[in-house]
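Student: I have a structure here, written as structure tokens, and I will follow up with some questions on it.
The values are calculated or read from the model by the stated rules, or taken from the named source; none is laboratory data. The shown structure was predicted, so the numbers you read here are calculated from the model rather than taken from an experiment. All Cβ positions, glycine included, derive from the backbone under ideal geometry; neighbour counts span all protein chains shown. Ligands, DNA and RNA are stripped out before the accessible areas are found, and what is left, the full protein with its side chains, is counted by its heavy atoms. Shrake-Rupley method; radii C 1.70, N 1.55, O 1.52, S 1.80 Å.
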Amino acid sequence: MLGSETLRSIPESRHSYQLSEIIRHRAWVEIDRAALAHNVRQIKQVLSPQTQLMAVVKADAYGHGAVRVAQAALQAGASWLATATLGEGIELREAGIVAPILLLGAINTPQEVAAIANWKLQPTLCNPQQALIFSETMVELNKVIPVHLKLDTGMSRLGMRWEQALEFVQLVQQLPGLKIASIYSHFATADDPDPTTMQLQHQRFQEAIGQLKAAGIVPPRLHLSNSAATLSDRNLHYDLVRVGLALYGLYPAPHLRSRVDLQPVLQVKARITQVKTIPPGTGVSYGHQFISDREMRIAVVGIGYADGVPRNLSNRMQVLIRGQRVPQIGAITMDQLMLDVSSIPDLQVGEVVTLIGKDGDREISADDWADILGTISWEILCGFKHRLPRVSSNRHREQLTQTIL
């Protein structure tokens, strides 16, 4: 056991204790701010002239890091931000972000309403009961708060039925402490190549707005489009578009790939922690779901399902090492996974493994994982845990050597 005197005798010059380097010794998520800025510019190029971009940064910016992404998106040209929860909005305000922030989720308690007013956030109202709670709280606080009214045009999630839009808007207009900032809805099938349902929802939205205008009510701001609708049709843009997935460099559907040139923002990387040779007939990992059929060189990697690598990818995924694809073998464990690296005989401990991202001319994407699992890329991105630090990538210089010295 090392005593304090022994620990102090270790030469300081041989070691770096900088967190920015230490966090890359196991596994991490790299965020490419240049790619994010590129995506913002690409999206803005397809927008109608009067349309502003709302960057959706809920769920920690789809796993990319909300504060980092929000700052970069605003700097690149986004005008608004959107989060799902009150806590997410407060996090952005605490980071010094002053841009308007829309809360997409439903808020129903006076305590939350007071917090929204304190942090100058902008809530979504979905029904009269909610509107009354907001109004009563604002009267108590002697404040006026901007609110966004959501209509349900076919998503059957949050929102007032579109047929009741006029009644809802008139009620909110009469309530003290509330000022309508926008009216909006959300598409359910915008990523479907068949636009029938999307067109029906758009028609309902137009009818609802038409009823308002016929009653002499002109909404200050309208918005309807998510990423898929934004890329599909300029007629759906209105005053704002709420862009999430496309901001992060992924396409909501294959048929939309030709609309803009997007670059993935996120890469997931880890390091080799041990390399060994096993004989034929050797079981690998829990349950021995994989048994070697030959002498095999395997590598252990310091990342697992506790970091967000789905266990159902076991024996089904590949990773990139030195620009080569190598298969994952055995059950993925909580903190580690194993690879067949027989094709790279000189592989060393400390080398970098790319689980999602580009290495050389080859690439593995969140879409690839989603296809294997029968899910969507949104779920893959949001699955990476906070145990994986988010760090900025640098295209111009290598941050660390490939091996730990």
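Student: Report Glu140's accessible area, 1.4 Å probe, all protein chains in place, as a number in Å² to the nearest 10.
Tutor: Probe radius 1.4 Å; accessible area of Glu140 about 150 Å².
Student: Quick one: putting +1 on the C-beta of Lys and Arg, -1 on the C-beta of Asp and Glu, what dipole do you get for region 157-294 around its Cα centre, in Debye to the nearest 20?
Tutor: 560 debye
Student: Once the convex hull of the C-alpha atoms of region 259-405 is built, how many Å³ does it hold per residue, rounded to a whole number? Walk me through the numbers on the way to the answer.
Tutor: Values: hull volume 18.7 nm³, N = 147.
Roughly 127 Å³ of hull volume per residue.
Student: Moving on to the next point. Mind ranking Tyr286, Tyr305, Tyr248 by accessible surface for me, highest first, 1.4 Å probe?
Tutor: Sorted descending by solvent-accessible area, the residues read Tyr286, Tyr305, Tyr248.
Student: Still on this model: Show me, for region 55-66, the HN-Hα J-couplings you get by feeding each phi into the Karplus relation (A = 6.51, B = -1.76, C = 1.60, θ = phi - 60°), rounded to Hz, glycine and proline as x.
Tutor: With coefficients 6.51, -1.76 and 1.60, one gets 7, 8, 10, 5, 6, 6, 6, 6, x, 8, x, 4 Hz.
Student: Trypsin sites (Lys or Arg not before Pro), restricted to region 277-331: which are DSSP loop and have at most 14 other Cβ atoms within 10 Å?
Tutor: Sparse-neighbourhood loop trypsin sites (Lys or Arg not before Pro): Arg294, Arg316.
Student: When the Cα centres of region 174-222 and region 51-65 are compared, how far apart do they sit, in Å?
Tutor: 22 Å
Student: Once phi is turned into θ = phi - 60°, what whole-Hz ³J(HN,Hα) does the Karplus curve with 6.51, -1.76 and 1.60 give for every residue of region 142-158, x standing for Gly and Pro?
Tutor: 6, 10, 10, 10, x, 10, 10, 8, 9, 10, 8, 9, x, 7, 6, 10, 6
Student: Compute the long axis of helix 33-46 from its Cα atoms, compare it with the longest principal axis of the Cα atoms of the chain, and write down the angle in degrees, 0 to 90, nearest 10.
Tutor: 40 degrees
Student: Run lengths n ≥ 4 of DSSP H only: what is the helix-derived mean residue ellipticity at 222 nm for the chain, with -39500 (n - 2.57) per run over all residues, to the nearest 500?
Tutor: Values: 13 runs with 121 residues, N = 405.
When only DSSP H runs of four or more count, the value is -8500 deg cm²/dmol.
Student: Of the accessible area of region 105-180, with the probe set at 1.4 angstrom, what percent is carbon plus sulfur?
Tutor: 52 percent
Student: Using a Förster radius of 30 Å, what is the FRET efficiency between Asp194 and Arg161 based on their Cβ-Cβ separation? Nearest 0.05, please.
Tutor: FRET efficiency, Asp194 to Arg161: 0.80.
Student: Tell me which of Ile372, Val40, Ala270 sits at the most positive position along the dipole axis of the chain, charges placed on C-beta atoms (Lys, Arg +1; Asp, Glu -1).
Tutor: Result: Val40, furthest along the dipole toward the positive end.
Student: Something else now. What are the ³J(HN,Hα) values, in whole Hz, obtained from phi via the Karplus relation 6.51 cos²θ - 1.76 cosθ + 1.60 with θ = phi - 60°, for each residue of region 329-343 in sequence order, with x given for Gly and Pro?
Tutor: With coefficients 6.51, -1.76 and 1.60, one gets 10, x, 5, 5, 9, 4, 10, 8, 9, 10, 10, 8, 10, 4, 6 Hz.
Student: A follow-up question, please. With a 1.4 Å probe and all protein chains kept in place, how do Met334, Met160, Met155, Met54 rank by accessible area, largest first?
Tutor: Solvent-accessible surface, decreasing: Met334, Met155, Met160, Met54.
Student: Counting only heavy atoms of protein chains, what accessible area per residue, in Å², does the chain have with a probe of 1.4 Å?
Tutor: Counting only protein heavy atoms, the per-residue value for the chain is 46 Å².
Student: For region 142-184, which trypsin sites (Lys or Arg not before Pro) are both in a DSSP coil and crowded by at most 11 other Cβ atoms within 10 Å?
Tutor: Arg157
Student: Report the per residue volume, in Å³, of the convex hull enclosing the C-alpha atoms of region 194-290.
Tutor: Numbers: hull volume 21.3 nm³, N = 97.
Each residue corresponds to 220 Å³ of Cα convex hull volume.
Student: Using modelled backbone amide H atoms (1.01 Å from N, in-plane), which distant-in-sequence or interchain residues come within less than 5 Å of Leu125's amide H?
Tutor: His148, Leu149, Lys150
Student: Might you work out the accessible area of Val98 for me, using a 1.4 Å probe with all protein chains in place, and round it to the nearest 10 Å²?
Tutor: 130 Å²
Student: At q = 0.09, 0.10, 0.13 Å⁻¹, what is the log10 ratio I(q)/I(0) for the chain, with the Debye formula run over Cα points and no solvent?
Tutor: Log10 I(q)/I(0), no solvent term: -0.65, -0.76, -1.09.
Student: Mind giving me the nanometre distance, one decimal, between the label points for Gln111 and Ala215, set 7 Å out from Cα along Cα→Cβ?
Tutor: Roughly 3.5 nm, to one decimal.
Student: Here's another thing I want to ask about it. Just Ser156, Ser182, Ser227 to compare: in a GNM of the chain, with alpha carbon springs under 10 Å, which one fluctuates most?
Tutor: Its mean-square fluctuation being the largest, the pick is Ser156.
Student: Something else: Just how large is the dipole of region 215-333 about the Cα centre, in debye to the nearest 20, putting +1 at every Lys and Arg Cβ and -1 at every Asp and Glu Cβ?
Tutor: The calculation lands at about 240 debye.
Student: Using a 1.4 Å probe on the protein chains only, how many percent of the accessible area of region 244-303 belongs to carbon and sulfur?
Tutor: C and S atoms contribute 49 percent here.
Student: Okay, next question. Leaving ligands, DNA and RNA out of it, work out the accessible area of Thr189 with a 1.4 Å probe and give it in Å² to the nearest 10.
Tutor: The value for Thr189 is about 40 Å².
Student: Collect residues whose amide H, placed 1.01 Å from N in the peptide plane, falls under 5 Å from the amide H of Thr189; neighbours closer than 5 in sequence don't count.
Tutor: none
Student: Give, rounded to the nearest 20 debye, the magnitude of the charge dipole that the chain has about its Cα centre when Lys and Arg contribute +1 at Cβ and Asp and Glu contribute -1 at Cβ. Before the final figure, lay out the partial values.
Tutor: Numbers: 39 positive and 37 negative charges, 129 e Å.
I would put it at about 620 debye.
Student: Taking region 48-248 on its own, what percent of its Cα-Cα pair distances exceed 24 Å?
Tutor: 39 percent
Student: Moving on to the next point. Kindly flag which residue pairs out of Lys143/Lys213; Lys44/Lys150; Lys276/Lys358; Lys58/Lys269; Lys58/Lys276 have an alpha-carbon separation exceeding 30 Å in this structure.
Tutor: Lys58/Lys276
Student: Quick one: order Lys120, Lys269 from most to least accessible surface, probe 1.4 Å.
Tutor: Solvent-accessible surface, decreasing: Lys120, Lys269.
Student: Name the long-range amide H neighbours of Ser225: under 5 Å, sequence gap of 5 or more, or other chain; modelled H, no Pro or chain starts.
Tutor: Arg242
Student: Counting DSSP beta bridges in the chain, what percent are antiparallel, to the nearest 5? Walk me through the intermediate numbers first.
Tutor: Details: 31 of 60 bridges.
Counting DSSP beta bridges with both partners in the chain, the antiparallel share is about 50 percent.
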